[in-house]
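Written below as structure tokens is the structure these notes are about.
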Amino acid sequence: MSTKAAAKRQTLPHAAKLIRTQYGVEPLRVLFFVGLCGPVQFAGTDEGLYERHLLFDNGVDPAVATARDRFEALARSARDILSQRWLLTRKFLIDRSLANKVMNLLLLPLANRSRQHRFMQRSTRTACLAFILGMLGLLAQGQNLAPLSPALTDEGAAGSSSPELTLEEAVEQAVANNSSLKTASLEILRAADDLAANKTRRFANTQVTVLGAQLVTKPSVTYPAGSLGVYSATGPIPATNQKVEIPRKPVGIVNVLVAQPLSTQYQLRLQLKALALGLEGTRQDQVKTRLEVVDQVRRAYYAVVEAQSALDSLQASLPYYRESHRLAFVNRGKETILESDLLNADAQLLKTQNAISDASERVASASERLNDLMGRDVHTQFRVAAIGDADTDLATLGAMEARALQNRPDVKKAKLQVEQANYDARAKKAEYIPDVSLAFSYYTTANFQNVFPSNVGTVGLSLRWEPWDWGRKHHEYDEKRTKEEQAKVGVGATERAVLLEVRNACRQLENTRRQLTLSDASERAARQKLKELQEQVKREAALGRDLFQAQSNLASADSQQQQALTAFWKARADLKKAIGEE
């Protein structure tokens, strides 16, 4: 017994060293099963065996894993350790006892051989029973395992019950909450307020001027003799020159002016039409922004679908690499492969696990991008719905070009800019007309000792004209006409750009349609190959590894088909945007 115990103590450190070499970790907390069987770490880091199974097998973060995820990760951890212990024990028995067992079986009598065979059967059943009971106890302990993070249970439950988000719902929420669209709507309100403010210039302008001041000088007024009249009874009034001085004291002046424009009504009407066209151009900018946002939402939604499809394909291929790694480990124990083959299997498995992590991050990034476009919290969890099959109902290229020229907001805005420039030029030319207004003026003073008139009111026509401007108005008018010509050139350039965009979108759509047809054929071939291998495995005419390879190939073909389908719908969304449709 002492010899066996010593051998066990010597073997265990070697087994632990092999486990640490394979997983590249140092145990922080060790869980023992049926004696010392190896480390199951609960470190809360990506280096732990338990955490690696959560990350690479279940594809979830340990901080948000559900109770089911933790149970499966613990079961896989126990399976790895028991499998390694079993292989090490088997190798130890083969290396130390194979020769003795063969000789004893050859030399023992038939009765003794049968008795020993029965004894080995009972020992095997006992060992299997202990293995099963220990495994069940370890899995039961994993069910009651405490969460590694305080927020694990709630977040995991929220992630598993995320609501499904359809493309139509995403577009609807984006149109209602997107920041760019809100900014465009506010710009329309600003332009409308500017137009309403300028409309008031056609009505009478009222100005009230009030002055309250302290006299710093002593103003005086001299009335000459007889300035108030000469009468036979009294003679001239006043009889002599009279000088009236105003002392330094506070005084007040009020002036009220009301002017109704007359001759400038024509110029104001042209300016208001130009501003109205500018408001309509702002509305076209909002339509353009809406089309861009809808296109971005569609592309972001398809990007989430594409990233999720790639992640599902990698997760489906993971069992194949695990089986390859297991077979490589077994064959290395039998010394039928080289150490480099085992290391290559480790590298391939690690590469696949890292690819799954990268794909999960791409799914998270695409989901956050879609949430941002929808104008909601980027942490909102959701599931995307399956996208439909590719449609084949498309109009002819000529019809799509005509619809694009009719619907595109940038073409409409370019034409509006031509009209706006024309009205601006005509309004500038109208400045040659003198400014004639109907004016009413009222003037009153206070605390001037009745030296000045206290109330003066007038009604009449007011004329304001600049006969010599040294050519300024002429040059300003030429500048407006040049701007109009630029706008006309811009219309042609915009129409050509729209036609090019429609043609390129059509070509891209046809290209993605061909790629989709090719991916469909590849998927059918991979599915048929899997069916054939399943039949061969049933007849034991093929290996399980070949079946895993076929399943991995089918998952890859499905992913490529899904990616081709999302590429088609992205191109379809770009074509709708090029035509000017949502």
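The values are calculated or read from the model by the stated rules, or taken from the named source; none is laboratory data. From a predicted model like this one, the values you see are computed outputs, not experimental measurements. Reconstructed Cβ throughout: ideal geometry from the backbone, glycine too, with neighbour counts over all protein chains shown. These area figures cover heavy atoms from the full protein model, side chains too; ligands, DNA and RNA do not enter into them. Shrake-Rupley method; radii C 1.70, N 1.55, O 1.52, S 1.80 Å.
Scan segment 412-425 residue by residue and report those that are under 20 Å from Ala493 (Cα atoms), crowded, with 18+ Cβ neighbours inside 10 Å and not small (Gly, Ala, Ser). Result: Lys412, Lys413, Lys415, Leu416, Gln417, Val418, Gln420, Asn422.
The one condition from (1) β-branched (Val, Ile, Thr); (2) more than 16 Å from the chain's Cα centre (by Cα); (3) within 23 Å of Ala573 (Cβ to Cβ) that Val293 does not meet is (2). On the given criteria, is Asn455 touching a residue at least 12 places away in the same chain (Cβ under 8 Å) and open to solvent by 40 Å² or more (accessible area, probe 1.4 Å)? The answer is yes for Asn455. Look at (1) within 24 Å of Arg299 (Cβ to Cβ); (2) open to solvent by 40 Å² or more (accessible area, probe 1.4 Å); (3) at pLDDT 90 or above and you find that Asn354 fails only one, number (1). Screening Glu485 against (1) in contact (Cβ under 8 Å) with a residue 60 or more places away in the chain; (2) loosely packed, with under 12 Cβ neighbours inside 10 Å; (3) among the acidic types (Asp, Glu) leaves a single unmet condition, (1).
When the strands (runs of 3 or more DSSP E) confined to segment 193-254 are screened for residues that are closer than 30 Å to Leu461 by Cβ and of a type in the set (Ser, Thr, Tyr), none reaches at least 3 such residues. Taken as a whole, the structure places Glu501 among residues that are open to solvent by 20 Å² or more (accessible area, probe 1.4 Å), within 33 Å of the chain's Cα centre (by Cα) and closer than 30 Å to Gln420 by Cα.
For segment 255-267, the condition of being at pLDDT below 95, assigned to a helix (DSSP H, G or I), among the hydrophobic types (A, V, I, L, M, F, W, C) and out of contact with any Lys or Arg (no Cβ under 7 Å at 6 or more places or on another chain) holds for none of the residues.
Whenever a residue of segment 265-286 is at negative phi, its partners that are of a type in the set (Ser, Thr, Tyr), lying with C-beta atoms within less than 7 angstrom and at least six residues away or across chains, give the pairs Leu270/Tyr423; Lys273/Tyr423; Ala274/Tyr423; Leu277/Tyr423; Gln286/Ser185. Scan segment 298-316 and tell me whether some residue there is in contact with a Phe, Trp or Tyr (Cβ under 8 Å, 6 or more places away or on another chain) and open to solvent by 20 Å² or more (accessible area, probe 1.4 Å). The answer is yes, given that some residue of segment 298-316 is in contact with a Phe, Trp or Tyr (Cβ under 8 Å, 6 or more places away or on another chain) and open to solvent by 20 Å² or more (accessible area, probe 1.4 Å). Looking across segment 368-411, the residues that are open to solvent by less than 80 Å² (accessible area, probe 1.4 Å), free of Cβ contacts under 8 Å to residues at least 12 places away in the same chain and either within 30 Å of Ala497 (Cα to Cα) or not in a loop (DSSP other than H, G, I, E, B) (or both) come down to Asn371, Ala395, Gly398, Ala399, Ala402.
Counting only residues that are free of Cβ contacts under 8 Å to residues at least 24 places away in the same chain and within 51 Å of the chain's Cα centre (by Cα), how many does segment 462-478 have? Show your work before the answer.
To start, the set of residues in segment 462-478 that are free of Cβ contacts under 8 Å to residues at least 24 places away in the same chain comprises 466-472, 474-475, 478.
Subset that is within 51 Å of the chain's Cα centre (by Cα): 475, 478.
Looking only at that region, the number is 2.
Cβ-Cβ distances below 8 Å connect the following pairs, each with a first residue in segment 190-212 that is within 14 Å of Asn255 (Cβ to Cβ), a second residue that is surrounded by fewer than 11 Cβ atoms within 10 Å (Cβ to Cβ), and a separation of six or more residues or different chains: Gly212/Pro250.
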